Amino acid sequence: MGVEFGLLGPVTARDSDGACLPLGAPRHREVLGRLLIARGRVVPAGRLVADLWEDEPPAGAIGALRTFVAALRRALEPGRPPRQPSRLLVTDGPGYLLRAGREAVDAWRFEDSAARAAEAPPHAAVALWDEALALWRGPVLADFPDARWAAAEQARLEELRLGAVERRADALLATGAARDAVVDLRAHVAAHPGRQDGWALLATALDRSGRRGEALESLRHARRALAGAYGTGTPAVLARTEARIRGATTGSATEPAGAADGVWDRTAAAWDRSVPARSRARLHATAGLLRDLAVTGADGLEEARAHRRELVAAAETTGDTELAARIIGSYDVPAVWTRADDPDDAGNLVRAAARAAARLGPDGPPALRARLLSVVAVESRGDAAADAPLPRAAAAPAAEPWRLRAERAAEEAVRLARRLGDPSALAFALNGAFMQSCGTCGSAAHRNALGAELTRLAVDHHLPGHEVLGRLVRLQALSGLGDFTAADAEAEEIDRLAHRNERPLAGVFTSWYRALRTCETDGWTAARPHYAGLLAETANHGMPGLTRGAAVLVALVPVMRDGTLPDPDDFAGLDAGPYRPWLDPLLLAASGDTERARHALAGVPRPPHDLLQEALWCVLARTAAAVGHEDVLRRARDELAAADGESAGGGSGLISFGPVAHHLRAADAALSPAAPAAWRRPRAAPRP
């Protein structure tokens, strides 16, 4: 008999005829729900007891659990002969697991339908989104709205549902069915007024339905609704929507909306007619175009990145060293994240810049040398860790050769640019200096000074892109230093500049900062929905160096702030991305597998020299303290000492694990001779 399970509403189980199976008392349904969200993994009996009785389990809790499981087995397989093992709810080692295929659980079918819808063309997508959303019968695990074990899965699936509603509306707009989208979107934003994408879609649908006055009015409502989450500034996605709608309503006979498009088309045609196909002028013009394309948004950034590789290769094939140097050094797009989106591509660009600089020689044009050195500094981002595992080094290892080269390149670029008195070259060089400013922990004050200099330079010489960068650098640094009043002011100014100068990606960073700010002022519970929305919203913004693994960082926030170890189940299915080497030992320690955790620590690399190094050192310290690895704990404590007045991770502008000082005190306590011989054990039940 095939059994289908329901999580998208009250917990249910139905037989192959669609009839509800009698699951019995609430505790029986709670056990079933808990096993379902484990997604085919064993849940230890101790974990189940802790989840069912969150405060104080009764003396006979294990016996009661066995009774619940036996009742569930009878309900799920009423025809199973006596003494024959259950094939659905099985005992495995220290616990239980539920064997259910993806097609047997409504939540998993929803995820699969949504994945197909996301890849489908608009008309097919609408039908698939309808199919996915039809599976919802109410809130996730509606029987257990306040259960702590259910909270993470409830938040995750609800965020997917809200995203599905919005993507269905987007697909309707793409098919021309704007009027059909309006009704659902009105209900959507009324129920969830904090969804800026929902508001933007509603305004767009109203505008395309010929109701521009209502569209602008909806944006006014949106600004009021979002003021608590985003401050007084208008979120970038709404600002773009409003600018487009107002642009369409304020055109005149002499300056009609879309006039720029006509000028573009005519100019491009004239260029094609006038400039020879193999002219080097085309290389120069393409370089400038790619530089501008990179700041237009996610699609433009990805396209610019791909075409930049081709352009550099084409320039090098000309055999003209100076031409190649100009092309390579012309891409001074402000870069604010210290982990490369494409490390291989970044490495190739560094090598191309180094080749061009070597061919020019030390007596080559200083302006070209400054730009080539800036490319080396900007593209050599802090994503290369030391080769030697931490425990093998008695002290901090010497700076890696690649870091020395990149740091020297940044210093020389700044020196040359200052001597030349070239503001744009100096702005590019200061960008490189920022990228190389994470040599040690505790460098937020230095980055704040760099950001302040870059901002002043950009304001004095009208370099709006680099002004946004300078303020973003300060935003991150001030966040790490805990100066939120100054950071708030920078965030507001960044949003204003981004709107005025069409820099949509800047809003990604200010939105993340505001989630961090909410966490600092109002706590994790208030910040969690903001983070859930951001993870969904920024996943496809063309910056994988920023977003890959971000869900793991967010999931670690409450754990690292309250001094506990994580529940490994909370991290199941999350892509740890580049943070896997530091997460795995922590999860092993949390599961009670001390020996494997110690073995993993023995081979763990140094956290990268980037904006999250303090956060990752804190993760290592927490793990080492949990399993008694004194070498790693001492190393982490020594590295973090330089950041004693900063926030752990706050300098990223994304997340904060709380004051570094708290983590240092915890490390000192663990290292104290007065500490008990047995190090603090994980909170999760041990696993075999």
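Rounded to the nearest percent, how much of the accessible area of the stretch 1-155 (1.4 Å probe, protein heavy atoms only) is carbon and sulfur? It would help to have the intermediate numbers written out before the result.
On the way: 4020 of 7270 Å².
Carbon and sulfur: 55 percent of the exposed surface of the stretch 1-155.
In nm, to one decimal, how far is the modelled label at Ala227 from the one at Arg456, with both set 7 Å along Cα→Cβ?
Here the modelled spin labels are 3.6 nm apart.
Test of understanding: extend the Cα→C-beta vector of Ala449 to 7 Å, then name every residue of the stretch 477-498 with backbone N under 16 Å from that spot.
What the label zone holds, given the 16 Å backbone N cut-off, is 477-478, 481.
Under the Karplus relation 6.51 cos²θ - 1.76 cosθ + 1.60, θ = phi - 60°, what is the ordered set of whole-Hz ³J(HN,Hα) values for the stretch 144-159, x standing for Gly and Pro?
Per residue, the Karplus-derived 3J(HN,Hα) values read 10, x, 10, 6, 5, 5, 8, 4, 5, 5, 4, 5, 5, 5, 5, 5 Hz.
Taking θ as phi - 60°, what are the ³J(HN,Hα) couplings along the stretch 333-350 by the Karplus curve (6.51, -1.76, 1.60), each to the nearest whole Hz, with x for Gly and Pro?
Running phi through 6.51 cos²θ - 1.76 cosθ + 1.60 with θ = phi - 60° gives 5, x, 10, 10, 9, 8, 10, 5, 5, 9, x, 5, 4, 4, x, 5, 5, 4 Hz.
So if R0 is 22 Å, what FRET efficiency would Asp638 and Ala674 give, r being the distance between their Cβ atoms, rounded to the nearest 0.05?
Values: r = 20 Å, r/R0 = 0.93.
Once the sixth-power term is evaluated, E becomes 0.60.
Whole angstrom only: what separates the Cα centroid of the stretch 1-46 from the Cα centroid of the stretch 298-354?
After rounding, the separation between the Cα centres reads 54 Å.
If r is the Cβ-Cβ distance from Thr318 to Ser209 and R0 is 56 Å, what FRET efficiency results, to the nearest 0.05? Display every interim value, and only then the final one.
Details: r = 53 Å, r/R0 = 0.94.
With a Förster radius of 56 Å, E is 0.60.
Using the alpha-carbon centroid of each, what span in Å lies between the stretch 532-570 and the stretch 408-435?
34
Please report the carbon-and-sulfur percent of the accessible area for the stretch 599-679; probe 1.4 Å, protein heavy atoms only, DNA, RNA and ligands left out.
Carbon and sulfur together cover 57 percent of it.
I'd like the Karplus ³J(HN,Hα) series for the stretch 452-463: coefficients 6.51, -1.76, 1.60, θ = phi - 60°, whole numbers in Hz, and an x wherever there's a Gly or Pro.
Computed from phi, the couplings for the stretch 452-463 are 5, 5, 5, 5, 4, 4, 5, 5, 5, 10, 6, 10 Hz.
What distance in nm separates the two pseudo spin-label positions at Ala486 and Leu420, each 7 Å out from Cα along the beta-carbon direction?
Distance between the two pseudo-spin positions: 3.0 nm.
Can you list the residues, at least 5 places off or on another chain, whose amide H is less than 5 Å from the amide H of Tyr96, using H built in the peptide plane?
Distant-sequence amide H within range of Tyr96: Val43, Ala45.
Between His123 and Ala268, what length comes free when the chain is fully extended (0.36 nm per residue of separation minus the Cα-Cα distance, one decimal in nm)?
Numbers: separation 145, 0.36 × 145 = 52.20 nm, distance 3.37 nm.
Difference between extended and current length: 48.8 nm.
For Arg548, what residues show an amide H to amide H distance below 5 Å, using hydrogens built from the backbone and excluding near sequence neighbours?
Result for Arg548 returns nothing.
Rounding to the nearest 10 and keeping the result within 0 to 90°, find how far the Cα-based axis of helix 366-379 lies from the longest principal axis of the chain.
For helix 366-379, the angle is close to 0 degrees.
Please work out the average accessible area per residue across the stretch 461-578, using the 1.4 Å probe convention, and give it in Å². Write down the numbers at each step before the final one.
On the way: 4230 Å² over 118 residues.
In whole numbers, the stretch 461-578 has 36 Å² accessible per residue.
Could you tell me how many degrees, from 0 to 90 and to the nearest 10, lie between the Cα long axis of helix 401-420 and the main elongation axis, the longest principal axis, of the Cα atoms of the chain?
So the inclination is approximately 40 degrees.
Would you mind getting me the FRET efficiency between Trp402 and Arg665? Use the beta-carbon distance for r and R0 = 35 Å, nearest 0.05.
Values: r = 34 Å, r/R0 = 0.98.
Here the calculated transfer efficiency is 0.55.
With every protein chain kept in place and ligands, DNA and RNA left out, what is the accessible area per residue of the stretch 128-246? Probe 1.4 Å, answer in Å².
Details: 5230 Å² over 119 residues.
Value for the stretch 128-246: 44 Å² per residue.
Within 10 Å, at most 14 other Cβ atoms, and a DSSP state outside H, G, I, E, B define an exposed site. Report the longest part of the chain free of exposed trypsin sites (Lys or Arg not before Pro).
Working: sites that count: Arg41, Arg83, Arg87, Arg99, Arg137, Arg278, Arg683.
No qualifying site falls inside 279-682, the longest such stretch.
Ignoring any ligand, DNA or RNA, what whole percent of the accessible area of the stretch 277-341 comes from carbon and sulfur when the probe is 1.4 angstrom?
Working: 1460 of 2980 Å².
That fraction is 49 percent.
Using Cα pairs closer than 8 Å and at least 6 residues apart in sequence, work out the relative contact order for the stretch 39-111, in percent.
Numbers: 53 pairs, mean separation 27.7, N = 73.
Normalised by residue count, the contact order of the stretch 39-111 is 38 percent.
Tell me, what is the percent relative contact order of the chain, built from C-alpha pairs under 8 Å that lie six or more residues apart? Don't skip to the answer; put the middle values down first.
Numbers: 1035 pairs, mean separation 72.3, N = 688.
The normalised contact order for the chain reaches 11 percent.
Measure nothing fancy, just the Cα-based angle from helix 423-435's long axis to the longest principal axis of the chain, in degrees from 0 to 90, nearest 10.
30
By its C-alpha gyration tensor, with a ≥ b ≥ c as the square roots of the eigenvalues, how is the chain shaped: rounded for a/c under 1.5, else prolate for a/b larger than b/c, else oblate? Write down the numbers at each step before the final one.
Details: a/c = 2.13, a/b = 1.32, b/c = 1.61.
Cα axes put the chain in the oblate bin.
What distance in nm lies between label points placed 7 Å from Cα along the C-beta direction at Arg80 and Ala134?
Here the answer is 3.2 nm between the modelled labels.
The values are calculated or read from the model by the stated rules, or taken from the named source; none is laboratory data. Worth saying up front: this structure is predicted, and the values here are computed from it rather than measured. Every residue, glycine among them, receives a Cβ derived from its backbone with ideal geometry; neighbour counts consider all protein chains shown. The area values use the complete protein model at the heavy-atom level, side chains included, leaving out ligands, DNA and RNA. Shrake-Rupley method; radii C 1.70, N 1.55, O 1.52, S 1.80 Å.
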